[in-house]
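No value in this document is a laboratory result; all are computed from the given coordinates. Small disclaimer: the values here were computed from a predicted structure and weren't measured. Here the Cβ positions follow ideal geometry from the backbone for every residue, glycine too, while neighbour counts run over all protein chains shown.
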Amino acid sequence: MSEKTHELIGVLATQYNMKDYDEAYATFDWAEVEKELSWSTTGKINVAYEAIDRHVDTGRGDHIALYYSDATRDEKYTFAELKALSNKFGNVLKKYGVKKGDRVFIFMPRSPELYAALLGAVKIGAIVGPLFEAFMEGAVRDRLEDAGAIAIVTTPKLQQRVPVSELPELQHVFLVGAEGELAPKEISFDAEMKDASEDLEIEWVDREDGLVLHYTSGSTGKPKGVLHVHNAMIQHYQTGKWILDLRPDDVFWCTADPGWVTGTAYGIWGPWLQGATSVIRGGRFTPEDWYDTLQRFNVTVWYSAPTAFRMLMGAGDDLVKKFDLSSVRHILSVGEPLNAEVVRWGMKVYGKRIHDNWWMTETGGQMISNYPSMPMKPGSMGKPFPGIYAAIVDNEGNELPPNTMGNLAIRAPWPSMMRKIWNNPAKYEEYFGLKPWYISGDSAYKDEDGYFWFQGRIDDVINTSGERVGPFEVESKLVEHPAVAEAGVIGKPDPLRGEVIKAFIALREGYEPTDELIAEIREFVKTGLAAHAAPREIEFRDKLPKTRSGKIMRRVLKAWELGLPTGDLSTMED
Ligand code: WT7
């Protein structure tokens with residue numbers, strides 16, 4: 001590692017919020033940031049007020065907060081309009097007795113209604129649980145059950161995947177676009193919104209009060225509910241300023257869905273805390289649509305993921321030339337390693353650096369990044385945000401010298417750090433066992449100039465197209481299929497998707513390994529869990545490698561797959 005010499009791309013931006021990284025890092029103080037948010041006067045806060053209403057109160061109510069477009073809709077909303085809509089939904093929730101701390105889930109495709117509902121729920125102090133629309137019934141049930149959700153906002157189509165009768169705590173199902181007869185517990189979102197008042201008594205909360213639950217996957221067990229609190233806004237505000245480099249006149253496009261943490265932290269809070277305009281694109285779209293969106297809305301700051309950039313790279317250089325992308329000033333990427341090759345391609349076709357940054361659901365906000373004002377080493381995640389201390393440590397928590405691979409760790413706490421794993425305090429403690437560190441589960445090294453380089457996951461969590469998939473959840477679904485006796489699931493390196501999901505399966509007696517069966521099993525996971533969790537590859541084996549205690553040895557499967565040595569097999573059963 002240490003022998004590598006890295007190319008350096010100098011600073012290109014002509015304007016930026018952070019003038020000099022080293023100076024910012026040396027002098028930064030989170031307490032100073034708090035003074036820019038309104039709780040400094042009252043002690044109480046609400047991030048939805050800070051993100052939306054505050055701009056109305058300071059005379060920017062007519063500024064566009066949201067451009068929404070999909071195949072059938074093209075709409076815009078000012079901060080004043082978003083304030084009114086979210087107030088309405090806050091009042092609707094209050095009318096049905098939803099209170100501070102209650103869990104309100106949102107399970108629907110991206111739309112203005114989604115954002116109004118989410119903001120309204122936050123305004124009354126509820127904890128929101130955004131769910132990605134691709135989740136199927138089992139995945140939805142697990143999450144609602146674990147969180148003890150009392151309300152959900154969804155659509156008639158997606159409602160079919162909400163097993164209301166099996167969720168005794170779920171009292172209200174708000175249906176956006178409801179038609180016809182409503183069953184018990186069902187409420188028409190649209191009818192309620194029409195009648196609701198635009199004036200809302202906001203619930204002022206304490207900084208440590210719950211804000212959002214994001215379910216994310218680990219290598220074992222069901223997905224865990226990562227809880228973030230209102231205090232996280234300090235970090236969303238400051239990273240919005242220094243990493244996204246936003247100013248109030250910017251038009252920002254974050255391509256992530258609010259079902260993932262990027263879609264809330266930087267699809268909602270980051271841009272709106274800065275008073276910038278956010279572009280939300282719904283539905284599926286082609287490379288043409290991507291560029292068209294940038295051009296049509298004069299996007300200035302664009303935040304996406306390596307899988308998207310690789311897809312656009314595959315669509316070719318000529319396509320870029322058909323669009324006027326001159327509005328774009330700053331490009332960012334998150335979610336998986338951003339290959340140096342993609343950065344070089346970005347320089348060629350966009351004439352811009354793509355700024356990689358690293359963080360996770362658990363960290364709640366960006367932690368390590370490349371900044372417009374800092375020279376960039378393509379392939380590196382950059383340097384820690386001011387106020388964040390990141391290090392590479394061994395398994396005892398000792399910091400390792402430069403260019404040595406180890407655990408990527410962050411000194412706890414920081415403002416947007418998760419505060420709880422819902423119903424699972426033991427799991428939460430696992431992350432913080434090596435005091436004072438938070439152990440990320442990623443391995444990395446830091447070079448002699450302080451740049452961090454991602455190496456891989458230490459556990460078996462799969463990152464496919466930037467989406468984190470727990471192998472255990474897929475395996476559990478696979479063994480529900482009548483033909484499957486045992487299943488082991490790994491991530492297999494893939495040039496486009498980063499990793500693809502590969503399942504090794506041992507069949508039950510009486511089943512034959514056929515192509516039809518492969519298709520059937522894939523479909524089974526697709527419809528039972530989620531499309532992105534379905535194995536792209538399935539390989540049948542008579543037996544799977546297991547430990548004596550019966551755990552599938554995924555590292556052995558991976559070694560088989562990659563043709564690598566299998567390592568220590570002392571714990572393997574005969
Ligand atoms: C995992 C977290 C919050 C961002 C969206 C994903 C991987 C994230 C990078 C990066 C290499 C990255 C890590 C991390 N990851 N960013 N810049 N370079 N890997 O959030 O679903 O919680 O996944 O994504 O492995 O631990 P997430």
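Label-to-label distance for Lys435 and Glu561 is 3.9 nm, based on points extended 7 Å past Cα in the beta-carbon direction. Principal axis extents of the C-alpha atoms in the stretch 390-505 (largest first, rounded to whole Å): 51, 37, 24. Ranking Tyr215, Met108, Leu338 by how far each Cα lies toward the positive end of the dipole of the chain (charges on Cβ) leaves Leu338 at the top. Structural descriptor for the stretch 338-449: relative contact order 22 percent, calculated from alpha carbon pairs under 8 angstrom and at least 6 residues apart.
The radius of gyration of the Cα set in the stretch 483-529, together with its Dmax, comes out at 12.1, 37 angstrom.
Taking max minus min of the alpha-carbon positions on each principal axis, the stretch 263-312 gives extents of 30, 22, 19 Å, largest first. Working value for the stretch 213-347: equivalent-ellipsoid semi-axes of 26, 20, 13 Å, each the square root of 5 times a Cα gyration tensor eigenvalue, largest first.
Classify the stretch 136-224: rounded, prolate or oblate, from the alpha-carbon gyration tensor (a ≥ b ≥ c, eigenvalue square roots; a/c under 1.5 rounded; otherwise prolate if a/b is larger than b/c)? Oblate, because a/c is 1.5 or more while a/b does not exceed b/c. Compactness ratio for the stretch 54-208: Cα radius of gyration over 2.2 N^0.38 Å (N = residue count) comes to 1.03.
Diffusion coefficient of the chain by Stokes-Einstein, Kirkwood radius over Cα pairs, 20 °C, 1.002 mPa s: 87 µm²/s.
At q = 0.13, 0.15 Å⁻¹ the log10 of I(q)/I(0) for the stretch 22-82 amounts to -0.54, -0.65, computed by Debye summation with a single uniform scatterer per C-alpha, solvent ignored.
Among rounded, prolate and oblate, which fits the stretch 351-437 when a ≥ b ≥ c are the square roots of the eigenvalues of its C-alpha gyration tensor, a/c under 1.5 means rounded, and a/b larger than b/c means prolate? Judged from the Cα gyration tensor, the stretch 351-437 comes out oblate (a/c at least 1.5, b/c at or above a/b).
Computed over the stretch 295-378, the convex hull of the alpha-carbon atoms projects to a mean area of 5.8 nm².
Its relative contact order, with pairs defined as Cα atoms under 8 Å and 6+ residues apart, puts the stretch 431-574 at 18 percent.
The relative contact order of the chain, computed from alpha carbon pairs under 8 Å that lie at least 6 residues apart in sequence, is 13 percent.
Using all C-alpha to C-alpha distances in the stretch 129-281, build P(r) with 5 Å bins and read off the rounded percent in each one. All Cα pairs, binned at 5 Å, distribute as 2, 8, 14, 16, 18, 18, 14, 7, 3, 1, 0 percent.
Here is the list for the stretch 442-550: trypsin sites (Lys or Arg not before Pro) lying in DSSP coil, each with at most 11 other C-beta atoms within 10 angstrom of its C-beta, are Lys543, Arg548. Within the stretch 1-109, the GluC sites (Glu not before Pro) that combine a DSSP coil assignment with at most 14 other C-beta atoms in a 10 angstrom radius are Glu3, Glu7, Glu36.
Inverting the pair-averaged 1/r between distinct Cα atoms of the stretch 56-101 gives 12.2 Å as its Kirkwood hydrodynamic radius.
In a DSSP loop and with at most 12 other Cβ atoms within 10 Å, the GluC sites (Glu not before Pro) in the stretch 429-509 are Glu448, Glu509.
Rounded, prolate or oblate, given the Cα gyration tensor of the stretch 1-137, with a/c below 1.5 counting as rounded? In terms of gyration-tensor shape, prolate.
If you look at the Cα atoms of the stretch 335-398, you get an Rg and a Dmax of 13.5, 45 Å.
The ranking of Met381, Met553 by Cβ neighbour count inside 10 Å, starting from the fewest, reads Met553, Met381.
Taking max minus min of the alpha-carbon positions on each principal axis, the stretch 466-547 gives extents of 38, 30, 20 Å, largest first.
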